[in-house]
Amino acid sequence: MRPSSFLALAAASRAATVSAAEGGDATAPLTFTALTGALPLYPGEVTNTFHRLDIPSGPLAISEFSADVVEKDPSTGEIVPVPLSEAYLHHHVVYSEHQFYHDPKVEQTHMSSASRGVGFGAGTESRGTHQKFPYPYRFTTVEGEDEFIANVHVINTRTMPKVDAYQCLECPCTSENRVDGPDSPLLSSVGELKNSSDNTCNADLVEEENSSCFTDKYYGGLYCCEHGTFCLDDYFLPKEEEAARSGKGEQSVYYLRYTLTYEPSTPNVKPLYLAACCDATGDNEHHGNVEYDIPKCDDDDDECVHVLETVQSLHGASARYGDNDEKEEYVDVVFMVGHQHRGGMSVAAYLAEGSTLCESLPTYGTGAPGEIGNEPGYINSMSTCTFDPPLRMKTTDEIRVVGKYDASKAHTGVMSLFYIAIADATDEEPETGSSLPAPVAVGQEVLGIPRSDGAWTRLGASAALVAVVGAAVAAVHSAVRFYRRRNYEALPAELTELSV
C-alpha cells in the first residue's frame, strides 16, 4: 500500500477510515471509506478522468460497494453530500488493474469477454443503490493489491436553471466539439473517437437510423462530454479568462466518496466476476454501442414510450466471432441491476421461455429541491435482483433485454444496460431450488408491457404512472471497455485533509 494510504488508515480525520461494522470483532465486516482526488469544476464544466483509489491491502472479500459525490462545507470543514441537481454523477466505473489479472491463465473464465477482479459502477442512482452480495459470494482482491482504478464522470450544474441543467445532463455536442460553430461538422478528434464505435449498434437501431450509431448524425452523448469541456455554449469560458470565469459563478471542488464493506478472504468465499451481457444496443454479433438516442414521439397528444429490445447470450457477443470459441459452461447468477438515464422507465431481462429474469425500475425523487437522496426529477435509485440461492445458467443461454424510455421529449446518450455479477459453478449439476425473484411491484401494479413488433408502444394509465417513477446504473463490463478505448491519463489519488 502506498504511504498515503497508511496515513489514511491511521487517522479518522483523514480522507479514509477503516472501522468494524459490529464492535471490535476481527471476524465482523469492516468498512473502508475514502475520497478520490479533487474534482474542481466551474458551472457547466465536465470532469471525465481516471483516478487511483486506495484500498486496504488484499486479499479482501468485498460484500458491498457504494459511492456518492461530496464536498467540504466551507463553514464547518465537514464532508457533506452534494445534491444531484448540483453535481450530476453521470457515472463511476471501478475495476482492478493489478498485474495478477493480466496473466492469460487468470483471464480465462467461463465468460471469454469478461475478466477477473472487481467491477463496480453506477450513475445518479449510486447513492440509493448499493451493490451488495449475499454470502459466500464476494468480489475479491489478491495478495498485495492495494488500489483500484476508477473512471469518474461528473458535470457541475450548480447555479444553473433547471432547463439548462437537464439539457446539460445529456451531453449535447457544443461549439467546442465542432469545427466552426453550432451547426458545423464535428471536430476530427471527436469524429475519430466516434468512428471507433461505429458498427456496434444492433439491427433495430441501424434500421431506425438512430443518430447515436452514425458519426455524421451524432449530436450528443459521451463523445461530446470530454474532460475539461463545458456542456453548453452559454457556460463556456476559455481557460485564460479567469476574470470572466468568476462572473459565471465560483468554482466548486467535489470528490467521489467510496465505501467498501469487506472481510478477509477465506477458502469458503466464492469469487464473483461480471458477465459479458447485457447492453440493449447490442446483440449476439455486436457488443453494443453503450448509448443511444430517443427520438421524440410523433404523436404529441398522448403519452408514448420508446422500446428497444435485443437478444444476447450471457457470455456476450465476443464468442460469436474471431478466434474466441467458448464452450458451454454453467455459472451461477448472483446479482443484477439495471442502468438508465433520466427519462428511463425500466430495463428488463427475460429468459428464452419468456419468464422474467430481472426487471430493474428507476425511482425518481419527489422531495424538495436539493433534498439529498430524494432530488426531484432525478433518478435516485434502481431496483435490484438478488438470487439467493443463485440462479444456475449456461454461458450460452440467451437473454432478451428490453429498455423503455419516455419519448414525450427527445433524449441523447441514454443507456439501457445490465450489471450482472456471476460466479463459476462449483458442482457439475445445476442446483435445485434456484428460483427467479418476484416481479417488482410499483404501487398496486406490476410494470408489464408486452413485446411489440415496432419501436413505439402506447402506455395505458397505470404504465404512464410508472413512467413518472423510473431510471439508472452502469453495466461495468460495457463501460470499462468503452472508457479504456479513450486512453485517458490515470490520475493519482490524493490524500485530502478532510473528515468523513
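At a glance:
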{"quantity": "Label zone at residue 426 (point 7 Å along Cα-to-Cβ), backbone N below 14 Å, region 138-172", "calculated": "138-139"}
{"quantity": "Probe 1.4 Å - accessible area at residue 386, Å² to nearest ten", "calculated": "60 Å²"}
{"quantity": "Exposure of residue 298 as accessible area (Å², to 10), given a probe of 1.4 Å and all protein chains", "calculated": "140 Å²"}
{"quantity": "Accessible area (Å², 1.4 Å probe, nearest 10) - residue 135", "calculated": "130 Å²"}
{"quantity": "Length gained when the stretch residue 31-residue 299 is fully extended (0.36 nm per residue, less Cα-Cα span)", "calculated": "91.4 nm"}
{"quantity": "Spin-label model distance (nm) - residue 97 vs residue 135, 7 Å beyond Cα toward Cβ", "calculated": "3.4 nm"}
{"quantity": "Heavy-atom SASA rank of 394, 217, 132, 194 (probe 1.4 Å, accessible area, largest first)", "calculated": "132, 217, 394, 194"}
{"quantity": "Projected label distance in nm at residue 207 and residue 57, using a 7 Å step from Cα toward the beta-carbon", "calculated": "5.8 nm"}
{"quantity": "Which listed pairs, of 72/270; 194/296; 132/404, have C-alpha distances above 27 Å, in listed order", "calculated": "72/270"}
{"quantity": "Inter-label distance for residue 371 and residue 80, nm, one decimal - labels placed 7 Å from Cα along Cα-to-Cβ", "calculated": "1.8 nm"}
{"quantity": "Nonlocal amide H pairs with residue 66, under 5 Å, H built at 1.01 Å", "calculated": "259"}
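The values are calculated or read from the model by the stated rules, or taken from the named source; none is laboratory data. If you're wondering where the values come from, they're calculated on a predicted model, not measured in any experiment. Glycine gets a Cβ as well: all are built from the backbone with ideal geometry, and neighbour counts include every protein chain shown. In case anyone asks, the SASA skips ligands and DNA or RNA and just uses the protein heavy atoms, side chains included. Shrake-Rupley method; radii C 1.70, N 1.55, O 1.52, S 1.80 Å.
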